[in-house]
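The structure under discussion appears below in the form of structure tokens.
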Amino acid sequence: MRKTFLLTLVGLSVLLGACQDQKEKYHFNEGQIFGTFYHIIYEYPHQEGLQTEILEKLNEFDYSLSTYKVESVISKVNNNDSTVVLDHYFKTVFEKSEEVAKITDGAFDWTVAPLANAWGFGFKNKLDPDQIPVDSLLAIVGYQKVKLEAGKVIKEDPRIMFDASAIAKGYGVDVVADFLETKGITNYMVEIGGEIRAKGLSNKERLWRVGIDKPIDDPSSLSRQIQDVIELDNGAMATSGNYRQFYVKDGKKYAHTIDPRLGYPVQHSLLSASVIAPECMTADAYATAFMVLGLEKSIEIVEKDPQMEAYFIYADDKGNLKVYITESLKGKILQ
């Protein structure tokens, strides 16, 4: 019996040691990129992680789609530089943006840049809200006014500009996740500025758990509260809301979500849209589009797409917070 007891202890020790080794194989990388923070956790058997290579990927991506870098591909396109060579990143965003724009009747439109700049949510100085020439700016906004031909962007008007901020973080998450998969990594979580893609198991040996914030007006994020927690199983989630990026002038709130069809910041009952999709770029674009469309039209689109799930937070007629959750997502919410 003593021998059996000792063997049992040895067996437990080996098992616990194996579990500890398993946890120690997870690497934690974090830092700043795209003007925000990133957090990446992944299981990798080598002592040296992949931080250097990940940063190289992110910086390469940034030099394609950052409107804050004068030498980026998107900046050269915006400035009508005839020598610009479009890369894979820009072309991919162009095609995905056109796809989502058509499905959402233009609610997602990355040619919204002139309007976003004027309202103070773009890459140039904002104008006074009372002096914004909305009608004039709408003349140079519209995904139908640009096309991709033979590796070149064709604009109806040279003043048309692109802004990838509503899709780039999500796409950046995909770029890192796809890179990790080329290394044979099957357990990972990539988060950039709140947009997430996860696969496999976490370092706690369970599905990855991600929180959905309550839509509390708080640009600093100091008053952050969690509305719900969901388990993310081999998918991506992006959230858009008007409770972080906004400003108040003369007692009026101006939110960062601009309706590219009307030219004004949106004002409706939908406060937050969290979208779950196979890829984070897709989730990111639709989360933005849904904040433009509002609750009812967003539900119509989600229910037609079997690969998409959504968690909408909205205010009822009395100002009370309500939620709409797609049926397939309800079982993934932790009680």
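No lab work stands behind these numbers, since they all come straight from the coordinates. Keep in mind that what you see is a predicted model, and the values were worked out from it rather than measured. Backbone-built Cβ (ideal geometry, glycine too); neighbour counts: all protein chains shown.
Here are some notes:
- Near S272, the amide H atoms lying under 5 Å from its own belong to I313; only residues 5 or more places off or on other chains count, and H is placed 1.01 Å from N.
- The residues K147, K96, K318, when put in order of fewest to most other Cβ atoms within 10 Å, stand as K318, K147, K96.
- Applied to the stretch 192-206, the Karplus parametrisation 6.51 cos²θ - 1.76 cosθ + 1.60 on θ = phi - 60° returns per-residue 3J(HN,Hα) values of 10, x, x, 8, 9, 9, 9, 8, x, 10, 7, 5, 9, 6, 8 Hz, with x for Gly and Pro.
- Long-range HN-HN contacts of I33 with modeled amide H, under 5 Å: Y38
- Candidate aspartates and glutamates - alpha carbon under 20 Å from K145, same-chain residues fewer than 8 apart omitted: D81, E95, E98, E99, D105, D109, D135, E156, D157, D163, D259
- Charge tally for I276 (other residues, Cβ to Cβ under 9 Å; Lys, Arg +1; Asp, Glu -1): 0.
- Cross-link reach list, aspartates and glutamates versus K169, counting only Cα pairs under 12 Å and skipping chain neighbours closer than eight places: D62, E191, E195, E279, D284
- By the count of other C-beta atoms within 10 Å, a proxy for reagent exposure, I313, I54 are ordered fewest to most as I54, I313.
- For the stretch 83-174, the relative contact order comes to 30 percent (Cα pairs under 8 Å, sequence separation of at least 6).
- Residue order, fewest to most surrounding Cβ atoms within 10 angstrom, among K199, K297: K297, K199
- Karplus (6.51, -1.76, 1.60) ³J(HN,Hα), θ = phi - 60°, over the stretch 132-143, in Hz, Gly and Pro reported as x: 7, x, 3, 4, 5, 6, 4, 5, 10, 10, x, 5
- Amide hydrogen neighbours beyond the local backbone of D228, cut-off 5 Å, H modeled: I212
- Neighbours of A236, meaning other residues whose beta-carbon lies under 9 angstrom from its beta-carbon, give a summed charge of -3 when Lys and Arg score +1 and Asp and Glu score -1.
- Couplings 3J(HN,Hα) for the stretch 320-329, derived from phi with the Karplus relation 6.51 cos²θ - 1.76 cosθ + 1.60 (θ = phi - 60°), are 7, 6, 10, 10, 10, 10, 5, 4, 5, 8 Hz, where x marks Gly and Pro.
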